[in-house]
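Some notes on the structure that comes next.
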Amino acid sequence: MEQHNYPKLGETLYRTTLANGLQVNLLPKPDYHKTYAVFTTNYGSIDRTFQPIGQSEMVTLPDGIAHFLEHKLFEKKAGDIFEVFGKLGANANAFTSFTRTSYLFSATSRIRENLETLLDFVQDPYFTEASVNKEKGIIGQEIQMYDDDPNWRLFFGLIQNMYAQHPVRIDIAGTVASIAQITVADLYLAYRTFYQPQNMNLFVVGHIDPDATLAWITANQAQKDFPTPTPPQRQLPQEAADGSDIVAHRTIEMAVQRPKVMLGIKGLDKVPTGRAGLVYRTSLNLLFEVLFNDSSAAYLKLYDQGILDDTFGYEVDLERSFHFAGLSVDTQKPDQFVQAIQAVLQQATTGAGLTEARLALVKREMLGKFWQSFNSLEYIANQYAGDDFGTASLFDLPEIMAQIQVTDLQQVAQRFIRLEAMSVFQINPKVAAR
Amino acid sequence: MKQIQLNHSDNVKGVLFLEQELKQGVHLTVQPSNQFKTTRIVVNFLAPLQQETVTKRSLLASLLETNTKDYPTQTALAAKLSQLYGASFGASVSRRGQLHCFSVSLTLVNDRYLPADDAVLKAGLAFLKQVLFRPNATEAGFDETTFQREKQNLAAYFADIADNKQAYASLALQQLYFAADPAQAQPSFGNAADLAPLTAKQLWDYYQQMMATDQVEIVMLGQVDPTVIAQTLQNFPFTDRATTTVSPFYQQSLWATPKVKQEKQAVVQGKLNLAYQQPVTYHDADFVPMMVTNALFGGSALSLLFANVREKASLAYYASSRLDTFRGTLLVQTGIEPKNYQAVLDIIQAQLTALQQQNFELERLAKIKATLINDFVTGLDSMGYLMNQALMQRLLPTRTLALDDLTQQIQAVTPAQIATQAAHLKLQAIYFLTSEEGNA
């Protein structure tokens with residue numbers, strides 16, 4: 001087991017890869033009462049077309065299957081796994097993103113039993129026709145709830161503008177029509193391809209002894225037989241490299257009080273792999289903080305002009321095979337918002353607003369927020385499990401932040417910010433609404 | 001300065017509370033701890049809940065967190081917080097039964113992680129003093145530009161609630177159930193009608209009243225020297241004031257028949273919310289049995305509501321219940337297809353009947369108890385939970401419950417006790433938000 005000390009952070013991370021390929025990360029937090037474990041597969045909603053293990057042709061499965069599979073893994077012949085965790089006094093949950101599916105529990109006692117339950121239920125699928133059909137009603141409700149959520153519609157509306165082909169444009173849960181097509185055979189096909197140990201990682205953080213915990217995990221895995229590891233082969237549709245297939249602007253109507261608008265920038269540049277990828281994402285994050293955070297000149301000006309308020313937010317999403325940035329707000333002045341933000345972005349490509357003083361202040365803030373986030377075991381584990389930068393991880397962020405200079409931000413701005421990569425999605429109040 | 005044992009966690013770690021009366025009615029509680037990477041201080045201003053002050057307090061929270069005399073723009077204030085290594089700062093309001101709480105909170109990175117000349121604790125407390133005692137105002141009132149903009153933003157916030165259907169439905173149920181008491185019926189963060197006529201001068205007057213008369217409870221948690229903290233806070237210019245005599249507990253009289261309201265909007269998913277009255281108050285003799293009853297009814301993912309309405313019958317996306325032991329309620333909320341209204345109502349009633357007749361699996365009860373105990377122990381890892389416990393102990397010093405006692409009491413709850421508690425639940429209000437074409 002490798003031991004990584006981060007003295008500035010006051011943390012020690014233990015890391016190893018088991019014989020079957022499963023990556024295990026352990027972070028003891030002796031002052032905490034709780035233990036949190038998250039078991040993640042590198043499989044999400046965008047992995048719709050792939051070569052199933054043992055077959056030679058690509059197949060495309062119904063949209064929403066990764067999320068459907070997540071729901072169904074909890075059901076076993078003997079009953080619901082939530083009940084087993086309940087008996088052990090633990091809280092369990094799971095979530096599916098564009099590129100990952102994670103299963104987790106948090107508990108304050110009987111950690112070994114809880115860990116074994118987590119590993120066993122995820123590694124022992126049990127799908128039947130009756131239970132698959134019942135699930136369709138439950139997930140249908142979930143999809144409908146998201147249909148009523150204006151912020152979700154705004155986010156997906158923008159993504160659909162930006163991505164003409166890429167499956168990131170499809171709702172993670174699929175549609176009522178697509179999930180209706182899911183069969184037991186589909187679920188096993190996806191499961192066998194993507195739930196191989198070498199495509200997965202386990203992160204355990206909290207009141208644990210690393211040696212004992214690793215011994216439990218190793219013993220549990222040694223009891224099980226897995227087929228020879230086969231790296232999953234995925235296929236994605238091609239998109240226009242120059243951004244010519246991006247829809248520049250689209251507006252819909254919904255029952256909202258004020259217009260909602262989101263401006264997106266699709267990443268047309270290539271993201272480096274490994275540590276350089278994490279440096280790239282951190283630079284993008286710093287760039288947006290420098291330009292738009294609540295101590296920026298742009299924020300003050302737009303706030304004073306009544307163009308934005310504290311509904312304003314921005315995010316950088318960088319995952320396997322896609323990356324983009326989005327800036328959103330609820331405002332009566334959506335056109336002015338878009339113009340003003342575009343102007344700031346354009347100017348940033350010439351270095352405007354990217355000063356040493358601003359970068360130093362923003363770094364200080366980001367570093368402080370980083371330490372604060374380490375109070376949350378869930379944050380540490382979920383961030384770590386969700387990223388894919390080789391051996392680099394969030395634990396390296398203080399060092400990476402220190403290395404990034406103003407010239408790096410300028411370069412990142414030049415390669416990422418392009419007028420032809422921008423798109424706007426807007427939701428206007430429905431006139432007939434209350 | 002006196003030292004007392006912290007009741008709820010004394011058996012966990014022997015954590016100490018250090019307490020000091022800074023002025024009459026102004027009290028400091030410090031809990032030294034190395035567990036977290038941060039130090040947090042919360043200054044709570046407590047007053048009796050009154051219809052006419054709630055909206056003022058809510059707008060005041062917006063103003064105090066926007067700027068100050070020393071940091072007169074929100075960007076100057078934000079830059080100060082960045083300088084303090086991304087200190088988290090905010091002002092907010094909340095309701096605890098018949099009390100209204102105005103809280104200013106500051107979270108700082110522990111100095112042990114920072115270069116020696118970059119220490120933020122001292123600078124952070126100086127900043128907090130500026131926020132509280134040097135607001136951006138003159139004798140004529142709060143800075144007019146700031147005032148108008150924050151007023152407008154709060155009005156927009158009130159209007160935006162209509163877009164969040166789950167929140168909208170819970171507020172509508174509250175309005176329906178507490179129809180006879182405007183102070184309880186309105187949101188804890190105020191309402192548009194009371195906001196509209198407010199002026200910068202009126203709010204300035206109210207700020208002075210609050211600063212002079214509200215009971216102040218300061219709670220601090222983190223790696224600090226309590227003596228140094230007490231000395232620093234002694235320099236905050238608080239004056240003597242009375243401690244509030246109002247009990248936090250509120251109980252309204254029963255409606256003869258449940259109040260029913262249905263509203264149609266352009267939604268796909270309906271929201272069906274129910275209010276039950278219940279007689280139990282925080283940490284009284286029936287508190288633990290009622291808490292277990294709620295967890296079994298709808299208060300956890302292992303509850304009867306979750307199992308039957310969502311999982312077994314696929315009737316709802318979510319179905320849960322929540323207990324408020326300060327306002328005497330147990331509230332159920334569900335998200336359903338509009339056509340399932342009656343079926344869901346029936347199935348909720350059936351779960352309550354099952355509780356009253358002790359018609360549930362003992363195994364389920366055992367799991368609910370284990371999960372509840374886990375939740376309480378988990379609370380010891382949360383700054384927010386620990387600091388709220390410290391505040392509750394100040395407000396209700398006789399209603400303490402050590403974690404060991406709590407754990408034992410949870411384990412000891414019997415099916416018969418649950419039936420008794422379930423029989424106390426009286427359905428009082430049904431609110432249904434449905435689609436334009438939906439019917440009930």
Kindly indicate whether A:Y103 is in contact with an Asp or Glu (Cβ under 9 Å, 6 or more places away or on another chain) and either on the phi > 0 side of the Ramachandran plot or away from chain B (no Cβ under 14 Å) (or both). yes
With (1) within 13 Å of chain A (Cβ to nearest Cβ); (2) closer than 24 Å to A:K363 by Cβ; (3) modelled with pLDDT of 95 or more; (4) assigned to a helix (DSSP H, G or I) as the list, and B:Q148 as the residue in question, which single condition is left unmet? (2)
Determine which single condition B:F127 fails, assuming it passes every other condition in (1) of a type outside the set (S, T, N, Q); (2) outside any loop (DSSP other than H, G, I, E, B); (3) modelled with pLDDT of 95 or more; (4) over 18 Å from B:S92 (Cβ atoms). (4)
Which ones in the range B:99-112 are over 15 Å from B:M387 (Cβ atoms) and surrounded by 19 or more Cβ atoms within 10 Å (Cβ to Cβ)? B:L99, B:H100, B:F102, B:V109, B:N110, B:D111
Expected output for the range A:92-106 (first residue touching a residue at least 12 places away in the same chain (Cβ under 8 Å), partner of a type in the set (D, E), Cβ below 7 Å, 6+ apart or cross-chain) is A:A94/A:E70; A:T96/A:E70; A:F98/A:E319; A:T99/A:E319; A:T101/A:E70
In the range A:364-384, which residues are among the charged types (D, E, K, R) and more than 9 Å from every other protein chain (Cβ to nearest Cβ)? A:E378
Which residue is nearest to A:W371 (Cα to Cα), if the candidates are limited to the range A:1-29 and must be touching a Gly at 6+ places or on another chain (Cβ under 9 Å) and surrounded by fewer than 23 Cβ atoms within 10 Å (Cβ to Cβ)? A:K29
Please specify each residue of the range B:246-265 satisfying the condition of being open to solvent by less than 50 Å² (accessible area, probe 1.4 Å) and closer than 17 Å to B:N164 by Cα. B:E263, B:Q265
Strands (runs of 3 or more DSSP E) completely within the range A:189-288 that count 2 or more residues being more than 26 Å from the chain's Cα centre (by Cα), under 30 Å from A:P62 (Cα atoms) and not assigned by TED's automatic domain parsing to the domain that holds A:H166: A:249-254
Pairs returned, first residue in the range B:392-412 that is outside the structural domain of B:S94 (by TED's automatic domain parsing) and open to solvent by 60 Å² or more (accessible area, probe 1.4 Å), second residue that is part of a loop (DSSP other than H, G, I, E, B) and aliphatic (A, V, I, L, M), beta-carbon separation under 8 angstrom, 6 or more apart or interchain, are B:Q409/B:L401
With the structure loaded, tell me whether B:L28 is modelled with pLDDT under 95, within 25 Å of the chain's Cα centre (by Cα), over 25 Å from B:F189 (Cα atoms) and aliphatic (A, V, I, L, M) or whether it fails that test. no
Would you mind finding the one in A:I46, A:I138, A:I111 that is open to solvent by 10 Å² or more (accessible area, probe 1.4 Å) and either closer than 20 Å to A:A173 by Cα or among the aliphatic types (A, V, I, L, M) (or both)? A:I111
With A:L187, A:L158, A:L154 as the choices, which residue is touching a residue at least 60 places away in the same chain (Cβ under 8 Å), farther than 22 Å from A:N20 by Cα and within 14 Å of chain B (Cβ to nearest Cβ)? A:L154
Please specify each residue of the range B:151-167 satisfying the condition of being open to solvent by less than 30 Å² (accessible area, probe 1.4 Å), in contact with a helix residue (DSSP H, G or I) (Cβ under 8 Å, 6 or more places away or on another chain) and within 7 Å of chain A (Cβ to nearest Cβ). B:A162, B:D163
In the range A:390-434, what count of residues is obtained for those that are in contact with a strand residue (DSSP E or B) (Cβ under 9 Å, 6 or more places away or on another chain), polar (S, T, N, Q) and under 30 Å from A:Y379 (Cβ atoms)? 2
Of all residues in the range B:379-391 being open to solvent by 20 Å² or more (accessible area, probe 1.4 Å) and either assigned to a helix (DSSP H, G or I) or touching a residue at least 12 places away in the same chain (Cβ under 8 Å) (or both), which is nearest to B:S94 (Cα to Cα)? B:N388
Output for the range A:299-316, where each listed residue is within 13 Å of another protein chain (Cβ to nearest Cβ) and open to solvent by 20 Å² or more (accessible area, probe 1.4 Å): A:Y299, A:L300, A:K301, A:D304, A:Q305, A:G306, A:D310, A:T311, A:F312
State all residues of the range B:339-394 that are out of contact with any Ser or Thr (no Cβ under 7 Å at 6 or more places or on another chain) and basic (K, R); if no residue qualifies, say none. B:K339, B:R364, B:K367, B:K369
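The values are calculated or read from the model by the stated rules, or taken from the named source; none is laboratory data. The shown structure was predicted, so the numbers you read here are calculated from the model rather than taken from an experiment. Neighbour counts are summed over all protein chains in view; Cβ atoms, including those assigned to glycine, are modelled from backbone coordinates with ideal geometry. Side chains are part of the model used for accessible areas, which takes the heavy atoms of the whole protein and leaves out ligands, DNA and RNA. Shrake-Rupley method; radii C 1.70, N 1.55, O 1.52, S 1.80 Å.
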